[in-house]
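Q: Next up is a structure, given as C-alpha cells.
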Amino acid sequence: MLTLFYVVVVEQIIQGLHNLWEGLRWLRMVQRRTGSHAGFYAPSVALFCPIKGLEPGLEQNLAALASFEYSNYEIFFAMASAEDPARKIVDKLAASSKHPIHTVIAGRPDGCGEKVNNLRAAVQQAAGGFDAYVFTDSDGRPGKNWLARLVAPLADANVGAVTTFRWLFRQGGGFWSALASAWNAPVATYLGEHHNNFCWGGGTAIRRERFEQIGAFEFWKGSVSDDLSLTRALRQSGRSILFAPECLVPAMFDCDAAALLEFTNRQIVITRVYEPRLWRLGGLAHVLYCGAVFLGLGLFFANLFTGAPAAHLLLLALVPPVLSMARGVLRLPAIMELLPEWKPKLLADGWIWTFLAAMVAIFGLVEYLGRAIHPANPLARNSLPTAFARADTHSHAVTANDRSSVLFHSVLS
C-alpha cells in the first residue's frame, strides 16, 4: 500500500507541476492578447441569443447585448414560445435599442434540443444578409467592446471560428454557488493557443460562408448541444478554433445544492453519452488525485497510531492540493487582466478559485461514482431531451465541450 501511495503521489506531483507551468503560459498569453490591438475587421453581424424564461439579471444581460460599441449588427432573440415571460423584456428592449432587434418564435423542438431548435429558427430567419454569425447566451454580461474583439480575428480567412468562455461569479454568498464557480474555472483556462479548443455557445463568432461551408446547420439536426455540434463540424472540415481570452464573459450565478448537482450531472451524463472514452479518462484523473490525498491521509493516521514515522506521509498527501491551489492563484491575476472592472469581486472571492480548487476534484469523484452506479438517474433524464438516450448512435455524435468540463478538473486544476 505504501508503494502504491508513492507511485500515485509522485504522478500527481508531476502533473501538478506541469499544470503550474501551463498556468504561467496562460497568464503570459493573456498579457500579450490584452496588450494587442483588436484589428479593423468589422463585418456585418447577426447576433443570436436563445432565451428561455426569466433569470436573475436577465434585463441587464440583454441590455448589454444591445449596447456594444459596434455599428453594424442586428440581434436575433430566439425563444420556443411567444408566451415566454422573457418576451416582455425583449419587446421593451427592442423599442429603445438603436440596433435592430428581431424576436424569433421557434416553436416546439422536433428531435433536437430546445436551444438548438431556437438557434436553427433564428439562423433561418437571418438568412444570408450578414457576413458573420455570433452566438451568445442570455446569462452573461459582456463589455462594450466584446463584439468587436470577438469578430476581429475572423479577418484571417484561415480561422474557422473564434470562441471564448465564461467566468462565473456567485451572485449571493452561498457555498454551493462558490463551488460551482470553482468547478467552472479550470475550463476557462484550458482553452488557449493550441488545437484542442472547442466552441462555447455563450460566445462564438464564425463567418457566415464558413458556417454554411462546414454544414453546421445540418450538424444541429437531432443534436442536444449547439456548441458541441459546431465544434464537431469545424473539426471534421479541418478548421481551427481560435480562443479569444480578451472576450471572457462575466456571468452572475446562484444555486443551491440541488441546482449544483443538476448542473454537474448534466455535464457528466453528456460526457458519458457523447464521449465515453473521455469520460473514463476524466474519472481516472479524479481517482488518482483523490487516491493520492486520501491514501496518504490514511497511511498517516495508521502510522500515527502505531508510532511509525508519519509526518512525511502527511506532507506528501498535501502536495497535490497545494499545487492545485497554486494553479488557482495564477488564474486570479490573469482574470483581473481580462476583467479589470470586476477586480474588487475577484479579490473578495479569491478563496473560491484558490482554496476551493483543491476540493473540486473530490466533489467531482463523488459525482462520477454516482453516475457510474446510477447512470439512468431521473434527474439527468428529465434534464435532457428523449433524443439524448440514443445519442450514442446518432450520426452527428459530438466531442466534449464546456458541458463536459468535468474532464478537466483533475487534469487541469
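The values are calculated or read from the model by the stated rules, or taken from the named source; none is laboratory data. Everything numeric here is computed off the predicted structure, so don't read it as measured data. Quick reminder, even Gly has a Cβ in these numbers, built from the backbone with ideal geometry, and neighbours come from all protein chains shown.
Q: Does region 221-234 hold any residues that are crowded, with 22+ Cβ neighbours inside 10 Å and of a type outside the set (Ser, Thr, Tyr), and which are they?
A: VAL224, ASP226, ASP227, LEU228, LEU230, ARG232, ALA233, LEU234
Q: Find the residue count for region 298-337, including only residues that are farther than 30 Å from VAL249 by Cα and among the aliphatic types (A, V, I, L, M).
A: 13
Q: At least 2 residues that are more than 19 Å from ALA122 (Cβ to Cβ), modelled with pLDDT of 90 or more and touching a Phe, Trp or Tyr at 6+ places or on another chain (Cβ under 9 Å) in each: list the strands (runs of 3 or more DSSP E) lying fully within region 187-276 that qualify.
A: The strands (runs of 3 or more DSSP E) meeting that bar are 240-243, 249-253.
Q: Can I ask one more? Criterion first (crowded, with 18+ Cβ neighbours inside 10 Å, more than 20 Å from GLU59 (Cβ to Cβ) and either outside the structural domain of GLY57 (by TED's automatic domain parsing) or at pLDDT 95 or above (or both)) does ALA86 satisfy it?
A: No.
Q: Scan region 159-186 for residues that are farther than 13 Å from ILE335 by Cα and out of contact with any strand residue (DSSP E or B) (no Cβ under 7 Å at 6 or more places or on another chain) and jot them down.
A: Within region 159-186, GLY172, GLY173, GLY174, PHE175, TRP176, LEU179, ALA182, TRP183 qualify.
Q: Please verify whether PRO153 is surrounded by fewer than 20 Cβ atoms within 10 Å (Cβ to Cβ), within 22 Å of LEU228 (Cα to Cα) and modelled with pLDDT of 95 or more, treating the condition exactly as stated.
A: yes
Q: Now, a different point. Could you say which residue among ALA178, ALA233 is touching an Asp or Glu at 6+ places or on another chain (Cβ under 9 Å) and without any contact (Cβ under 8 Å) to a residue 60 or more places away in the chain?
A: Going through ALA178, ALA233 in turn, just one is touching an Asp or Glu at 6+ places or on another chain (Cβ under 9 Å) and without any contact (Cβ under 8 Å) to a residue 60 or more places away in the chain: ALA233.
Q: Sticking with this structure for a sec: Return yes or no: is ALA132 in contact with a strand residue (DSSP E or B) (Cβ under 9 Å, 6 or more places away or on another chain) and modelled with pLDDT under 95?
A: no
Q: In region 305-328, which residues are among the β-branched types (Val, Ile, Thr) and exposed (fewer than 15 other Cβ atoms within 10 Å of the Cβ)?
A: Residues satisfying the conditions are THR306, VAL322.
Q: Is there any pair linking a residue in region 348-369 that is at pLDDT 80 or above to one that is of a type in the set (Lys, Arg), with Cβ under 7 Å and at least six apart or on different chains, and which?
A: ASP349/ARG170; TRP353/ARG331; ALA357/ARG327
Q: I'd like to know if region 330-337 contains one or more residues that are of a type in the set (Val, Ile, Thr), in contact (Cβ under 8 Å) with a residue 60 or more places away in the chain and either assigned to a helix (DSSP H, G or I) or touching a Ser or Thr at 6+ places or on another chain (Cβ under 7 Å) (or both).
A: yes
Q: Report, by residue number, each residue of region 35-56 that is assigned to a loop (DSSP other than H, G, I, E, B) and surrounded by 18 or more Cβ atoms within 10 Å (Cβ to Cβ).
A: Result: ALA38, ALA42, PRO43, ILE51.
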